[in-house]
Every structure is written in C-alpha cells, then in structure tokens.
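Structure, as structure tokens:
The values are calculated or read from the model by the stated rules, or taken from the named source; none is laboratory data. Nothing here was measured: the structure is a model prediction, and the numbers come from that model. For neighbour counting, all protein chains shown are included, and Cβ atoms are generated from backbone atoms with ideal geometry for every residue, glycine included. Please note that ligands, DNA and RNA were not included when accessible areas were found on the heavy atoms of the full protein model with its side chains. Shrake-Rupley method; radii C 1.70, N 1.55, O 1.52, S 1.80 Å.
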Amino acid sequence: MKMDIFVVDAFTDQQFKGNSAAVIPVDNWLTAELMQSIAIENNLSETAFVKQVEGNKYEIRWFSPLTEIDFCGHATLASAFVLFHEFGVKNEIEFITAEVGRLKVVLNQDNEIEMTFPVQMPEPILEIPAQLLLGLSKTPKLVLRNRQAYFAILNSEQDVLDVSYDSAQLKQLAPYDVVVTSTSTQYDFISRYFWPANGGDEDPVTGSIHAGLAPYWADKLNKTDLLAYQASRRGGILKCQVTNQHVIVSGQGVLYLKGTINV
C-alpha cells in the first residue's frame, strides 16, 4: 500500500527551524499498531494521520515515536498547512479529536495558521515531586500542573536558557511532561519543553503546551495578546491570543518533504 507523506517545519518560516511533523492523509484508519510503527520509522517528534469526514471536517490522530499523543499543536499546524496548500482546502478546517474536542483552524490573511485550542490553565500543586527537582538543574520558584505537564516557573530568562535536565528523572513523572518558562525581554515569555515519558528529550516547539502557558502569562502580565518563543536548539515563535474559553495559537509552516511511503 502506497500513501502520501508530507513533512512540514511548523512555527517557523525557515527550513530546519521550528518543529518538524510528518502528515499522512488516509482514506480509512490504519491499525494503531501500524500507525505507531510508521511514527517510529519517521522518528520525528510527531506523525499526524488525518482522515476526511466530510467537507472541511477531518479526524486527526498524533503519534510520537513512543506512543499515541492526545493533543499536539505543531502537528495540527502541519496538517492544516498540508490541507490548505497541497489539497486545496479553503479558509477553515475543523479537526475532530478524541481527547480535546473539535479544533477550529483558519488560514488568515497573513498566511498564518490560527488554531483555536481549549484553555488548559495550570494549577498550583501542594507537593513538588522529587523527580522534578532532581531532574532540573535550576530550582523553580513555583510549580503548577495541568492535564499535560508540570510547569516549572523559573526566576529568569537566562535560567530557562541555561537549565539542563536529567531525562531518567523526568521520565518518572509519566504521564506528565515538563515545561520550564519565564518572562522574556524580546518576547512576552519563553519556554522549553521536556518529554522523555512520551516522545523524546527536548521538543523543539510545542504548540499544545501554549494552551496552558498563554493563559498563565496572560494573567500574570495582564494582557491577552502575547508573543512567545520556545528556546530549543531549532526554536520557534508562537503568537497567542487568550479569551475566557479559548487560546488561539498562530504560526507559519514550511514544506520540507513531499513523497510516498510503502507499507
């Protein structure tokens, strides 16, 4: 069986920056085992499979090299990029997901892809896991958590840039990942994201975690429009707009690969 495959660098306008995701449109769902095997073979932080339901409505599933993921922002952007630019879908897409409901995605006038996510505000926790403290070289001044990750609020932008991590310790926090973050001079806030339990060591750009980061910093900075930077080696810029119920995360993408695979 031959299938189309596309690789898109998400949250960037330059090749080899942002976060790469593979996108595979399917007419019928493959088995979870086969989709996982394809994701392992691709060895990217995410492989997205999309299946048209009707019109501009598509089901979407995301797989890291380790497991199926219940919410992925950069692979959603990559999937929308492919549908808009390679399949001629116009204006708006509705992605149907198993865990986070329906995601509205729009191609705006600036050629940016706007994704409407549910607010996933982190909440303070009473007891900080020892594995989190042992797993980070910088001690957070505050730790919160949402359904996806622990949020380690660090003292400064330089701490975020300098922090090192112990994957073996952070892996023990499964099913949760870890994001470190602070305010920034050039941006409203910056972050880095570590996910040894679910995908790899450091994720280049993580769209989904901004459903928690953006409302947290919107509250702290008293503003609803924020510019964020994920300070990985590849790096990525995200525009965020926060409302009472949603976080709109926007970015660009670059097509890196278009081809077929045999399975």
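Structure notes:
- Matching entry among 30, 34 (being assigned to a helix (DSSP H, G or I), of a type in the set (A, V, I, L, M) and open to solvent by 10 Å² or more (accessible area, probe 1.4 Å)): 34
- Any hit, segment 67-80, residues being touching a Ser or Thr at 6+ places or on another chain (Cβ under 9 Å), modelled with pLDDT of 95 or more and farther than 22 Å from residue 205 by Cα: no
- Segment 1-21, subset out of contact with any His (no Cβ under 7 Å at 6 or more places or on another chain) and aromatic (Phe, Trp, Tyr), residue most open to solvent (accessible area, probe 1.4 Å): 16
- Those residues of segment 42-64 which are in contact (Cβ under 8 Å) with a residue 60 or more places away in the chain and outside any strand (DSSP E or B), in sequence order: 45, 64
- Residue among 67, 139 that is in contact (Cβ under 8 Å) with a residue 40 or more places away in the chain and either farther than 22 Å from residue 24 by Cβ or among the β-branched types (Val, Ile, Thr) (or both): 67
- Look at (1) open to solvent by less than 30 Å² (accessible area, probe 1.4 Å); (2) assigned to a loop (DSSP other than H, G, I, E, B) and you find that residue 90 fails only one, number (1).
- Count of residues meeting criterion [in a loop (DSSP other than H, G, I, E, B), of a type outside the set (Ser, Thr, Tyr) and over 12 Å from the mean Cα position of the chain (by Cα)] in segment 188-239: 12
- With respect to the stated conditions, residue 9 fails to be in a loop (DSSP other than H, G, I, E, B) and modelled with pLDDT of 95 or more.
- Given (1) of a type in the set (A, V, I, L, M, F, W, C); (2) surrounded by fewer than 19 Cβ atoms within 10 Å (Cβ to Cβ); (3) part of a strand (DSSP E or B), number of the condition residue 24 does not satisfy: (2)
- Within segment 136-143, the presence of a residue that is charged (D, E, K, R), out of contact with any helix residue (DSSP H, G or I) (no Cβ under 6 Å at 6 or more places or on another chain) and surrounded by 16 or more Cβ atoms within 10 Å (Cβ to Cβ) is excluded.
- Residue 202 being surrounded by fewer than 21 Cβ atoms within 10 Å (Cβ to Cβ), under 20 Å from residue 44 (Cα atoms) and at pLDDT 95 or above: yes
- Residue that is assigned to a strand (DSSP E or B), of a type in the set (Ser, Thr, Tyr) and open to solvent by 10 Å² or more (accessible area, probe 1.4 Å), where the choices are 185, 260: 260
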